[in-house]
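A short reminder: the numbers here are calculations on the coordinates, not readings from a lab. These numbers were taken from a predicted model, which means no experiment stands behind them. When we count neighbours, we look across all protein chains shown, and the Cβ atoms used for this are built from the backbone with ideal geometry, even at glycine.
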């Protein structure tokens with residue numbers, strides 16, 4: 001079993017904190033030394049409590065689903081002999097009330113657009129590759145959120 005970790009760092013500094021007007025800006029640190037500025041979403045905690053120039057958990061959730069799908073798609077395409085030149089996804093997450101009435105990310109829609117070098121799979125073959133990538137994605141298998149894939153052709 002693999003274990004994945006992230007270090008999340010926040011410090012109050014000279015902020016009062018008890019007035020609830022502290023910065024939600026913090027840092028995500030990953031193995032290999034990658035550091036990502038993070039914050040609450042400005043849609044959740046208005047500026048200046050949040051940082052527009054940082055990744056928020058909701059964006060990271062959408063990005064992790066998109067990234068996982070893409071990595072599986074690329075692997076499956078290579079296995080089947082399709083040479084991918086570019087893969088782009090304009091993924092979007094929707095926040096709403098779930099079946100329990102709680103605020104949750106209720107839907108993530110992936111909109112991958114893929115270009116190939118030379119021969120390209122048919123629309124049916126592309127749909128099958130995207131379907132299999134979705135089925136294989138560990139992240140999609142880990143969440144209750146509806147994850148849709150709407151390829152751009």
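Figures for the structure shown
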| read-out | value |
| --- | --- |
| Along principal axes, Cα extents of segment 26-78, largest first, whole Å | 45, 26, 12 |
| Mean Cα-pair separation over length for segment 1-55, i.e. relative contact order, pairs under 8 Å, 6 or more apart, % | 29 percent |
| Difference of contour (0.36 nm per residue) and Cα-Cα distance, residue 95 to residue 43 | 17.6 nm |
| Cα long-axis angle, helix 123-136 against the chain (0 to 90 degrees, to the nearest 10) | 50 degrees |
| DSSP beta bridges in segment 1-152 [antiparallel fraction, %, rounded to 5] | 75 percent |
| Taking the chain and dividing mean pair separation by its residue count, relative contact order in percent (alpha carbons under 8 Å, at least six apart) | 17 percent |
| Sorted by Cβ density within 10 Å, fewest first, the residues 103, 76 | 103, 76 |
| Sites residue 141 and residue 20 - FRET efficiency at Förster radius 41 Å, r taken between beta-carbons, to 0.05 | 0.65 |
| Whole-angstrom Cα spans of segment 57-149 along principal axes, big to small | 48, 19, 19 |
| Cα-based Rg / Dmax (Å) for segment 1-55 | 13.2, 43 |
| Taking N as its residue count, the alpha carbon Rg of segment 11-105 over 2.2 N^0.38 Å | 1.45 |
| Scattering curve values for segment 94-144, log₁₀ I(q)/I(0), Debye with Cα scatterers, q = 0.23 Å⁻¹ | -0.95 |
| Tilt relative to the chain, helix 57-79 - C-alpha long axis, 0 to 90 degrees, to 10 | 20 degrees |
